[in-house]
Amino acid sequence: MYKTQVEALEFLIGFTSQLTETPDDREPVLCVPFTALGILSRSLHGSRVRVGAQNVHWEEAGAYTGEIAAPMLTEIGVRYVIVGHSERRQYFGETDITVNLRLKAAQHYGLTPILCVGETKEQRDQGEIESVIFSQLATGLQGVDQQKLVIAYEPIWAIGTGETCEAKEADRVIGLIRHQLSHNDVPIQYGGSVKPENIDEIMAQPEIDGVLVGGASLHPDSFARIVNYHQ
């Protein structure tokens, strides 16, 4: 929940100017608040930068005050949508069942969902990493087309805490996630205190295809450095 429309446009000026030499195989996506989606979509038309939303409801329309429907997003050029983010699960009662409904609705209307999965510190300490994540995947992916999907592994204990999951450990867990899928080529990202100081090491791991960035994405210079990571 950051940036007004004016602030978002100011961010774009500083960010996009640093992408002139970004390798062609990288796809930056800005998942912004609903109020900024329209103006960013218009400003980025024809650009390599895509626009994503932070949530989507499973119904096309209806009395669901405070929610947003997939056709409302696709109408303004949104390509991606985050589903099941840990903050939605923690603060707003998101469950694996509602995550599944949102995933299927997003795909039905042509959006590519970014499914977030991950464990809490308590679950990790109790040795429940695999059981928690595998359960999230088993319920969340029922009836979902894995060929039109992105997955983000976000250990909840590493989000906004400054504590980053070790790159090799993140790679190990992402490898486990990949073995649970029916399609090995699903892009799997890491999310959790990603910053310019650790992006090169994270992206050097063989299983990690990309990153889901939080606080470091709020500043044009730091986010551009992440997008332009060094291989």
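Tell me yes or no: at least one residue of segment 76-89 is among the acidic types (Asp, Glu) and under 27 Å from residue 224 (Cβ atoms).
yes
In segment 193-225, the qualifying residues are those that are assigned to a loop (DSSP other than H, G, I, E, B) and within 16 Å of the chain's Cα centre (by Cα), and the one that is farthest from residue 158 (Cα to Cα) is 209.
Residues that are more than 28 Å from residue 109 (Cβ to Cβ) and aromatic (Phe, Trp, Tyr) within segment 135-170 comprise just one, 157. Return yes or no: is residue 78 touching a residue at least 12 places away in the same chain (Cβ under 8 Å), surrounded by 19 or more Cβ atoms within 10 Å (Cβ to Cβ) and either closer than 16 Å to residue 105 by Cα or touching a strand residue (DSSP E or B) at 6+ places or on another chain (Cβ under 6 Å) (or both)? For residue 78, the condition - touching a residue at least 12 places away in the same chain (Cβ under 8 Å), surrounded by 19 or more Cβ atoms within 10 Å (Cβ to Cβ) and either closer than 16 Å to residue 105 by Cα or touching a strand residue (DSSP E or B) at 6+ places or on another chain (Cβ under 6 Å) (or both) - is met.
Within segment 59-75, if we keep just the residues that are without any contact (Cβ under 8 Å) to a residue 40 or more places away in the chain and outside any loop (DSSP other than H, G, I, E, B), the residue that is surrounded by the fewest Cβ atoms within 10 Å (Cβ to Cβ) turns out to be 71.
The residue list 7, 94, 87 contains one member that is within 18 Å of the chain's Cα centre (by Cα) and part of a helix (DSSP H, G or I), which is 87.
Answer yes if at least one residue in segment 172-192 is under 15 Å from the mean Cα position of the chain (by Cα), surrounded by 20 or more Cβ atoms within 10 Å (Cβ to Cβ) and part of a loop (DSSP other than H, G, I, E, B), and no otherwise. Yes, because at least one residue in segment 172-192 is under 15 Å from the mean Cα position of the chain (by Cα), surrounded by 20 or more Cβ atoms within 10 Å (Cβ to Cβ) and part of a loop (DSSP other than H, G, I, E, B). Considered as a group, the residues in segment 155-170 that are more than 17 Å from the chain's Cα centre (by Cα) and in a helix (DSSP H, G or I) include one that is nearest to residue 132 (Cα to Cα), and that residue is 169.
Restricting the first member to segment 201-229 and to residues that are among the basic types (Lys, Arg), and the second to residues that are part of a loop (DSSP other than H, G, I, E, B) and modelled with pLDDT under 95, no beta-carbon pair is closer than 7 Å while six or more apart or on different chains.
Hey, does segment 111-127 have a residue that's part of a helix (DSSP H, G or I), surrounded by fewer than 17 Cβ atoms within 10 Å (Cβ to Cβ) and basic (Lys, Arg)?
Yes, because at least one residue in segment 111-127 is part of a helix (DSSP H, G or I), surrounded by fewer than 17 Cβ atoms within 10 Å (Cβ to Cβ) and basic (Lys, Arg).
Contact map, segment 90-115: residues that are touching a residue at least 60 places away in the same chain (Cβ under 8 Å) and over 23 Å from residue 213 (Cα atoms) paired with residues that are part of a strand (DSSP E or B) and among the polar types (S, T, N, Q), Cβ distance under 9 Å, separation 6+ or inter-chain. No pairs are found. When you check residue 154 against the structure, is it touching a His at 6+ places or on another chain (Cβ under 8 Å) and either among the β-branched types (Val, Ile, Thr) or within 20 Å of residue 180 (Cβ to Cβ) (or both), yes or no? Considered against the rule, which asks whether it is touching a His at 6+ places or on another chain (Cβ under 8 Å) and either among the β-branched types (Val, Ile, Thr) or within 20 Å of residue 180 (Cβ to Cβ) (or both), residue 154 comes out as yes. Of the residues 20, 35, the single one that is free of Cβ contacts under 8 Å to residues at least 60 places away in the same chain and outside any loop (DSSP other than H, G, I, E, B) is 35. Counting the residues of segment 1-49 that are farther than 22 Å from residue 81 by Cβ, in contact with a helix residue (DSSP H, G or I) (Cβ under 7 Å, 6 or more places away or on another chain) and among the aliphatic types (A, V, I, L, M) gives 1.
Looking at residue 136, is it in contact with a helix residue (DSSP H, G or I) (Cβ under 7 Å, 6 or more places away or on another chain), in a helix (DSSP H, G or I) and without any contact (Cβ under 8 Å) to a residue 12 or more places away in the chain?
Spelling it out, it is not the case that residue 136 is in contact with a helix residue (DSSP H, G or I) (Cβ under 7 Å, 6 or more places away or on another chain), in a helix (DSSP H, G or I) and without any contact (Cβ under 8 Å) to a residue 12 or more places away in the chain.
The values are calculated or read from the model by the stated rules, or taken from the named source; none is laboratory data. Computed from a prediction, not measured in an experiment: that's the story for all the values here. Please note: Cβ atoms are built from the backbone with ideal geometry, for glycine as well, and neighbour counts cover all protein chains shown.
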